[in-house]
Amino acid sequence: MAKLLIVTPEGQQERELVAVNSVGRHPNNTVQLLDRIVSKEHCIVELRSGRYVLRDLGSLNGTYINGQRVAGEQWLNDGDEVALGNTRMVFRDGNAAPVAPVAPVYNPGTSPYGPGGAAPPAQPPQPSQQPPVVPWASGAMPQPPQNYSPQPPAPAHQPQPSQPALPVANPALAPSAAPNRPAGMTMLGAVAQSKVTITSNMLESHVRSKIAAAAQQFLPENRIVDVEALRKDYEKLRIAYELQRAIGAELDLDKLLEKILERAFDLLAADRAAILLYEDNRELKPRAIRTRKGVDEPFVVSTTILNQVEKERVAVLSSDAMLDPRFSQAHSIIMQGIRSSMAVPLLFKGELQGALVVDSQISTNAFGDKDLQLVTNIANQAALAIANATLARQIQRDAVARERFQRLLSPQVAQLVLEGKVEVKQGGVSTEATMFFSDIRGFTSMSEGMNAEDIVAMLNDYFERMVEVIFKYEGTLDKFVGDEIMALFGAPVSHPDDPIRCVRASLVMIESLREFNTERAAAGKNGFEIGIGINTGKVVAGYLGSSKAMQYTVIGAPVNLAARLCSQAKGMQIVISEPTWLRVRDYFEVRELEPVKPKGIAQPVRIFEVLREKA
């Protein structure tokens, strides 16, 4: 019985022929080919007068018999090789001895079947003996003997089809199966990154080789005999060198990833490429994507490859999943369009930062072991550059954080927080602290006779002097509210003498303000006075607010009492509560005032005026 021997990387499959056989990509065909280049209904193999004839159905990429394109119909002889896209078949009429199919040879850029395809020789040599069937090697294509041809001599008299075939003189001039792509490529941003899907729902790619098993190395110069191979290797090394030089000084991570992907397209016959990096939660997420077409299109990444890269930390080269017999029943692989793919780990000092993933939708065996090794070396340089860019960003963030902390904390305390020696927790912790409030007496009426520029200049000068005193005694600036200052002593860093530090700082502030008023008087400007209120007690301290706007502060009843005491203080007066007085009475001279009943407090409270520090 007549049959077709279909070539696959795993060997060859046999399909027995009936009277009328449709061949194509659609599952309703008699012979379905999981080949993206093959048309849904590509050709018909039909029995006429005891012989089979092949009729092309106007497929875009054509049908080739023994290297010549079929124009219409052509009779099939035993041993004829039929090429459709990247698929190779051998026709057997059932009467002759088995013969081995001609192996396609990978020769990118020269095949009429698209990039990475393989065209059979137009004039095969004549056979001298019957060769054995050559088994498939791992990832390699079978090579027939040099003196072997699959086509036996045609019979002297044979019937011709109704529409004789018009052979193509040079199959290399036949229309290419590769889609027409613009020269420019576009770096896609956040929108495209959302199109990258890491999923196990897709068909898993079959791993063909890893970098550790790469057999093809760059040879020493004294062992090179093929000048063309030398030119190709030199070009790839040149591109790799330019990549290393281009990314070496780039510290902007987004621009760095763009350059890496740009050079990856120069190195590889890839259709899509993506860089996936770990986020803070150690989840691998796409950070950059580039397509040769320059359009926004889905990019599905197999978890099979990523899992192997993560677990073994090796570069992985996958086989052509579309021709893998394990996927013969999975029609969706055609729509996913994954034929050849490669994933390379981004390793820096033994730590996996992410992965570089590339794939080819058209080319079978688009990437070789040498590509895998070369891109692995490039990935090592890229990982170093990514680590440098990440470190630069961290330094920049630390600098911003340091600047923010130094605006709130004394330089000594800010350094402790940045070094991790002092923990500032979101949500707050219970602690004892001394709260300081001060504001300008009669500020509203005073500001009515001043223009806005003078008010701002006066406040900035005043705040500068006051904050300097607060930091001198290692207090924390909480906030400015108009002309009011709120400061903390004991949070986030506590000292045994925080209440003493706070009162001492208040006395220094009064003296500093007197000097400031003297300077203003000399300049013909009016001076002003402040009132200060201080209280000590248990509060909740920490970062409070929303995720977009947070502030380090304290909350609790003792905070409210300190603010009430500030409103009770007269100009240039320091009023402290009884809890504070109990902690500082041995260091300062005070005078007890009449008890007050602040708003919101049920019982009257004892208050004291600080006069001076004891000798």
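The values are calculated or read from the model by the stated rules, or taken from the named source; none is laboratory data. Here the structure is a predicted model, which is why all the values come from computation and not from measurement. Ideal geometry is used to build each Cβ from the backbone, glycine not excepted, and the neighbour counts take in all protein chains shown. Side chains are part of the model used for accessible areas, which takes the heavy atoms of the whole protein and leaves out ligands, DNA and RNA. Shrake-Rupley method; radii C 1.70, N 1.55, O 1.52, S 1.80 Å.
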Q: Sort Phe348, Phe367 from largest to smallest accessible area, using a 1.4 Å probe on the heavy atoms of the protein chains.
A: Phe348, Phe367
Q. What relative contact order, as a whole-number percentage, does the stretch 468-615 give when Cα pairs under 8 Å and 6 or more residues apart are counted?
A. 18
Q: Give the ranking of Glu73, Glu250 by solvent-accessible surface, highest area first, calculated with a 1.4 Å probe.
A: Glu250, Glu73
(Q) Report, to one decimal in Å, the Kirkwood hydrodynamic radius for the stretch 517-606 based on all distinct Cα pairs. (A) 15.5
Q: Would you mind working out the accessible area per residue for the stretch 519-562, using a 1.4 Å probe, and quoting it in Å²?
A: 49
Q. Which percent of the Cα-Cα distances in the stretch 466-516 go past 17 Å?
A. 33
Q: Using a 10 Å cut-off on Cβ atoms, rank the peptides 534-540, 452-458, 221-227, 565-571 from the highest mean neighbour count down.
A: 534-540, 565-571, 452-458, 221-227
Q: At 0.36 nm per residue, minus the direct Cα-Cα distance, what do Leu611 and Glu515 gain on full extension? Give it in nm, one decimal, please.
A: 32.7 nm
Q) How many percent of the accessible area of the stretch 485-574 is carbon or sulfur, using a 1.4 Å probe? A) 51
Q | Normalised contact order of the stretch 565-615, rounded percent, pairs of Cα under 8 Å and 6 or more residues apart | A | 41
Q: Order the following by accessible area, largest value first: Tyr552, Tyr543. Probe radius 1.4 Å; ligands, DNA and RNA are ignored.
A: Tyr543, Tyr552
Q) Can you give me the relative contact order of the stretch 470-511 as a percent, contacts being Cα pairs under 8 Å and 6 or more apart? A) 32
(Q) Between Leu251 and Thr30, how high is the FRET efficiency from 1/(1 + (r/R0)^6) when r is the Cβ-Cβ distance and R₀ = 56 Å? Nearest 0.05. (A) 0.40
Q. For the stretch 1-80, how big is Rg over Rh, using alpha carbon atoms and the Kirkwood form of Rh?
A. 0.93
Q: Report the accessible area of Asp254, computed with a 1.4 Å probe over the heavy atoms of all protein chains in place, in Å² rounded to the nearest 10.
A: 90
Q: Using the heavy atoms of the protein chains and a 1.4 angstrom probe, tell me the accessible area per residue for the stretch 459-513 in square angstrom.
A: 35
Q.
Once you compute Rg and the Kirkwood Rh from C-alpha atoms, what is the Rg to Rh ratio for the stretch 225-274?
A. 1.08
